[in-house]
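Some notes on the structure that comes next.
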């Protein structure tokens with residue numbers, strides 16, 4: 001009986017510890033979850049709207065068959081590939097790269113929501129930037145792994161001596177590492193944020209058709225007529 005009471009008393013503590021473990025694991029990878037949620041939101045909301053626009057084919061006068069529309073599968077495939085590479089990059093990098101990735105995806109979703117009339121061109125350009133950034137991150141990670149394995153002895157015959165080769169390799173490694181850090185921490189993210197801010201500020205937002213895309217405005221006008 002005493003053992004049963006002890007076990008029952010431990011159940012709330014074990015449950016609380018398990019919930020705290022899950023909470024800590026979630027917060028430790030919060031940037032990954034932000035990237036995933038934003039990517040799925042783009043895939044199932046903005047990409048789906050774009051696919052509907054691509055595949056829509058108006059009927060012909062006199063009952064003629066409408067032309068065959070494209071499938072739009074490439075739009076969603078592009079997002080899936082970009083999201084997958086971004087998640088891999090966020091997983092293999094330490095801070096601040098996951099935070100930068102999450103901020104870029106979140107900013108893209110925000111601007112796509114604010115500017116539905118520019119959804120299609122913005123979707124292509126923002127996803128292209130996300131893909132470029134993921135490839136830059138993974139390429140830089142590959143370079144760092146390879147740079148650590150360079151042996152000065154293999155380059156001694158070409159550069160004159162082991163000491164000269166060691167110094168040259170060290171200087172070259174430091175130079176490319178600095179350039180890579182500038183690109184991954186500053187150049188690509190700031191360029192992405194600057195582009196999104198420019199798109200938001202380049203034209204005043206419509207107060208009459210706020211948060212409506214072009215096809216939604218046209219559909220509303222047709223219903224009125």
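Residue by residue, here is whether (1) closer than 21 Å to residue 88 by Cα; (2) out of contact with any strand residue (DSSP E or B) (no Cβ under 8 Å at 6 or more places or on another chain); (3) modelled with pLDDT of 80 or more holds:
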| site | (1), (2), (3) |
| --- | --- |
| 143 | yes, yes, yes |
| 154 | no, yes, no |
| 175 | no, yes, yes |
| 186 | yes, yes, yes |
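Count of region 86-123 residues, restricted to those that are surrounded by fewer than 15 Cβ atoms within 10 Å (Cβ to Cβ) and not in a helix (DSSP H, G or I), is 3. Is it fair to say residue 214 is at pLDDT 65 or above and out of contact with any strand residue (DSSP E or B) (no Cβ under 7 Å at 6 or more places or on another chain)? Considered against the rule, which asks whether it is at pLDDT 65 or above and out of contact with any strand residue (DSSP E or B) (no Cβ under 7 Å at 6 or more places or on another chain), residue 214 comes out as no. In this structure, is residue 115 within 12 Å of the chain's Cα centre (by Cα) and on the phi < 0 side of the Ramachandran plot? Judged against the criteria, residue 115 is not a match.
Out of all the residues in region 64-74, is one or more within 30 Å of residue 137 (Cβ to Cβ), in a loop (DSSP other than H, G, I, E, B), touching a helix residue (DSSP H, G or I) at 6+ places or on another chain (Cβ under 6 Å) and modelled with pLDDT under 90? Yes, region 64-74 contains at least one residue that is within 30 Å of residue 137 (Cβ to Cβ), in a loop (DSSP other than H, G, I, E, B), touching a helix residue (DSSP H, G or I) at 6+ places or on another chain (Cβ under 6 Å) and modelled with pLDDT under 90. Name every residue in region 129-167 that is out of contact with any helix residue (DSSP H, G or I) (no Cβ under 8 Å at 6 or more places or on another chain) and either crowded, with 17+ Cβ neighbours inside 10 Å or closer than 30 Å to residue 79 by Cα (or both), in order of residue number. Residues satisfying the conditions are 139, 142, 145, 146.
In this structure, residue 170 does not satisfy being loosely packed, with under 15 Cβ neighbours inside 10 Å and either in contact with a strand residue (DSSP E or B) (Cβ under 8 Å, 6 or more places away or on another chain) or modelled with pLDDT under 75 (or both).
The values are calculated or read from the model by the stated rules, or taken from the named source; none is laboratory data. Everything quoted here is computed from the prediction, not taken from an experiment. Note: ideal-geometry Cβ built from the backbone for every residue, glycine included; neighbour counts use all protein chains shown.
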